[in-house]
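Take a look at the structure below.
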Amino acid sequence: MITELGHFALILAFMVAIVQMVVPLIGAHKRWPGWMALAEPAAGAQFLLTAFAFAALVWAFVTSDFSLRLVVLNSHSAKPMLYKISGTWGNHEGSMLLWVLIVTLFGAMAAWFGGGLPPTLKARVLAVQSAIAVAFFAFILFTSNPFLRLAVPPFDGQDLNPLLQDPGLAFHPPFLYLGYVGLSMAFSFAVAALIEGRVDAAWGRWVRPWTLAAWIFLTIGIALGSWWAYYELGWGGFWFWDPVENASFMPWLLAAALLHSAIVVEKREALKSWTILLAILAFGFSLIGTFIVRSGLLTSVHAFANDPERGVFILIILGLFTGGALTLFAARAQAMEAKGVFSMVSRESALVLNNILLAVSAFVVFFGTLWPILAEMFFDRKLSVGAPFFNAAFTPFMVALGVVLPLGAMLPWKRGKLGRVAHSLRYAFVLALALAILVWVMQTGRSALGPVGLFLGAWITFGAIVDLWSRTGRSGSVARLFRLPRADWGKAVAHSGLGVTMFAIAGLMAWEVEDIRVARLGEPFEVGGFTLTLDGVERVQGPNYISTMGSVRLEQAGRAIDTLHPEKRDYPVARMPTTEAAIDYRILRDVYVVIGDQQDDGGWTIRTYIKPFANWIWGGCILMALGGALSLSDRRFRVAAGARKAPAGGVPAE
């Protein structure tokens, strides 16, 4: 009964979305207040109906309702409760329902908290947001219905993909979708502004919180996915440049560019056309990511579906929204007249350079991801584009971004002097350079990667500290420092997080130690200054798997540090093995151990990695997300607060 009610609620939400898409748009065009006002209750009703449908699907998974086809294919009665719940979105149909739930959530939040928006703009934003929901409601109901029943329910289910039965992957998709779909609000604001033919400073302030929220969620989602790949897949890496990983990374880069571009619109009423274009492209790349994951175009461990018919439907959605928005942009671009002028040396110019580097790096990733497909389609050649290409093509843009970031962040608006800013940063530069030289002298391999990464990380972090301190005035004091707006603190923390992540990635790649050998029981072996001993291997019965678990004693200089338990798990229902790495986490390094197959002589294959600064990668991501959250909590960047501060002309007060 609950399942049928959920299905019915989904159909009702679809109908409400159609009304919300059409009526407020006509009302805004005709200036009919009643028609425009319909958008707010419709957005709330659409979200509540979708939330009920999603809750009904969760209930089916929690109660192991095997009369539902989706539950049979993705659950099992012996599965732990966390993975029963996460099984709701650990498949194509359920994840699309989560997607549309988040679309309606953001629309409802715009209705509830956008009271200061001009009525016509608000009506158009909610209508465009609902149009996105209509497309995905249709996609779910006509091609991916999660509420299909089975005439003869089986006794038990086929279980969830074992790779997804992990805490990291349980929470990774919701955060990622909050970021993906959150960019739909920036898209809706952009299209609404194009329809109205006006973009001003107030618009820049309104669109920033939505973009910032999406960027924060994307940062957390990508970090969770990277962490899961690091400890779960047993290959020892944190980023594979997998097509699906790239599909989430490209919108993140464009969202970061959009955040900085919207600042110029808000402060100087410049870069209007470029900011609108970025808002369209950021959400467009989110749709491209959805297409890649669900079309069967590319094969990946992350892919949800391999149905070309569904892929064609998503491709139509992609073409309709991105193509339609770009067409509207081309027709209205001349109305986006820039008012602010600035010199070559200014905060605006620095942000333009920031945008160029981020946007070009996103298109480098896009080209590398799709080139194998294009080569096979048009040239009948099978190519593989892997980490060497991406590292060589992507890294220079990030290095350039790291070099200019501290300087650009401290340049004044409109016109500045580079020498003055460089003078303020001289101690940060000298200290970062000294650290890099010290590491260069101390390391044995004489690779430039580690020292360069340390210089960039320290330069960005120290530059952020100098920038923050400079905002206290000439008579800087700690008391005044803590009275600075949270947005200033958020900027410093986020930039520092980027610096930490840059250094951690470079340090890990430069100084990692890898060892692969056949280890015999009780025979110690040395790896990177550590002594490891395989003490035993046993078979362990898990809740819904059977594990081959090793016991590896870890010592350093004769002192016992830890006992690690690497595993190989076999899931009999899903008929799929997984590798569970055992990791000794420390602040400055990880010891990472993976157990393989038993050899003919009785020994076991053991892979060991010493990974310096691995945890700093995700620590930097946490700092970036925290910095974004601090900025988002600043009342100056709330939608309603920004609107209330706007004078009659539409430009918010400073």
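The values are calculated or read from the model by the stated rules, or taken from the named source; none is laboratory data. The model shown is predicted, which means the values in this text are computed figures rather than measured ones. Ideal geometry is used to build each Cβ from the backbone, glycine not excepted, and the neighbour counts take in all protein chains shown.
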Requested in this report: Please work out if residue 226 is buried (at least 24 other Cβ atoms within 10 Å of the Cβ) and polar (S, T, N, Q).
Outcome: no
Query raised in the report: If we scan the stretch 6-20, do we find a residue that is assigned by TED's automatic domain parsing to the domain that holds residue 133, in a loop (DSSP other than H, G, I, E, B) and surrounded by fewer than 16 Cβ atoms within 10 Å (Cβ to Cβ)?
Result: no
**Report entry** Lone unmet requirement of (1) out of contact with any Ser or Thr (no Cβ under 7 Å at 6 or more places or on another chain); (2) crowded, with 17+ Cβ neighbours inside 10 Å; (3) free of Cβ contacts under 8 Å to residues at least 24 places away in the same chain; (4) among the small types (Gly, Ala, Ser) for residue 528
**Finding:** (3)
Query raised in the report: When only residues in the stretch 190-209 that are touching an Asp or Glu at 6+ places or on another chain (Cβ under 7 Å) and not basic (Lys, Arg) count, which is nearest to residue 267 (Cα to Cα)?
Result: 201
Query raised in the report: Taking the stretch 55-85 only, how many residues are crowded, with 23+ Cβ neighbours inside 10 Å and among the polar types (S, T, N, Q)?
Result: 2
**Report entry** Flag for residue 147 being assigned to a helix (DSSP H, G or I) and over 24 Å from residue 27 (Cβ atoms)
**Finding:** no
Report summary line: Only one of 508, 484 is in contact with a Lys or Arg (Cβ under 7 Å, 6 or more places away or on another chain), of a type in the set (A, V, I, L, M, F, W, C) and free of Cβ contacts under 8 Å to residues at least 40 places away in the same chain, namely 484
Report summary line: Among (1) assigned to a helix (DSSP H, G or I); (2) among the hydrophobic types (A, V, I, L, M, F, W, C); (3) within 29 Å of the chain's Cα centre (by Cα), residue 479 falls short only on (3)
Report task. State whether one or more residues within the stretch 370-383 are surrounded by 15 or more Cβ atoms within 10 Å (Cβ to Cβ) and touching a helix residue (DSSP H, G or I) at 6+ places or on another chain (Cβ under 6 Å). Result -> no
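Looking at residue 113, is it of a type outside the set (Asp, Glu), modelled with pLDDT of 95 or more and assigned by TED's automatic domain parsing to the domain that holds residue 27? Quick ask: steps written out before the conclusion?
Details: of a type outside the set (Asp, Glu): yes; modelled with pLDDT of 95 or more: no; assigned by TED's automatic domain parsing to the domain that holds residue 27: yes.
When the stated conditions are applied, residue 113 does not pass them.
Hey, among 393, 375, which residue is assigned to a helix (DSSP H, G or I), more than 25 Å from residue 257 (Cα to Cα), free of Cβ contacts under 8 Å to residues at least 60 places away in the same chain and within 32 Å of the chain's Cα centre (by Cα)?
On the way: 393 fails: more than 25 Å from residue 257 (Cα to Cα).
Answer to the selection: 375.
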Requested in this report: Please determine, by comparing only the residues of the stretch 21-36 that are touching a residue at least 60 places away in the same chain (Cβ under 8 Å) and of a type in the set (Gly, Ala, Ser), which one is surrounded by the fewest Cβ atoms within 10 Å (Cβ to Cβ).
Outcome: 27
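Name the residues in the stretch 526-559 that are more than 30 Å from residue 80 (Cβ to Cβ) and touching an Asp or Glu at 6+ places or on another chain (Cβ under 8 Å), would you? Let's see the steps before the verdict.
Pass one, the stretch 526-559, residues more than 30 Å from residue 80 (Cβ to Cβ): 526-533, 555-559.
Those that are more than 30 Å from residue 80 (Cβ to Cβ) and touching an Asp or Glu at 6+ places or on another chain (Cβ under 8 Å): 527, 528, 530, 531, 532, 533.
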Query raised in the report: So, in the stretch 423-449, of the ones that are within 33 Å of the chain's Cα centre (by Cα) and modelled with pLDDT under 95, which residue ends up nearest to residue 396 (Cα to Cα)?
Result: 449
Query - Criterion (touching a residue at least 60 places away in the same chain (Cβ under 8 Å), farther than 29 Å from residue 2 by Cβ and in the same structural domain as residue 42 (by TED's automatic domain parsing)) met by exactly one of 186, 131 - result: 131
Query raised in the report: When only residues in the stretch 333-365 that are more than 28 Å from residue 410 (Cα to Cα) and crowded, with 17+ Cβ neighbours inside 10 Å count, which is nearest to the chain's Cα centre (by Cα)?
Result: 365
Query raised in the report: Of the residues that make up the stretch 44-65, is at least one closer than 30 Å to residue 120 by Cα, in a helix (DSSP H, G or I) and over 28 Å from the mean Cα position of the chain (by Cα)?
Result: yes
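So which residues in the stretch 571-602 are in a loop (DSSP other than H, G, I, E, B) and within 14 Å of residue 549 (Cα to Cα)?
Taking the stretch 571-602 as the starting set, the residues that turn out to be in a loop (DSSP other than H, G, I, E, B) are 572-575, 581, 586-588, 599-602.
Scanning the stretch 571-602 gives a single hit, 581.
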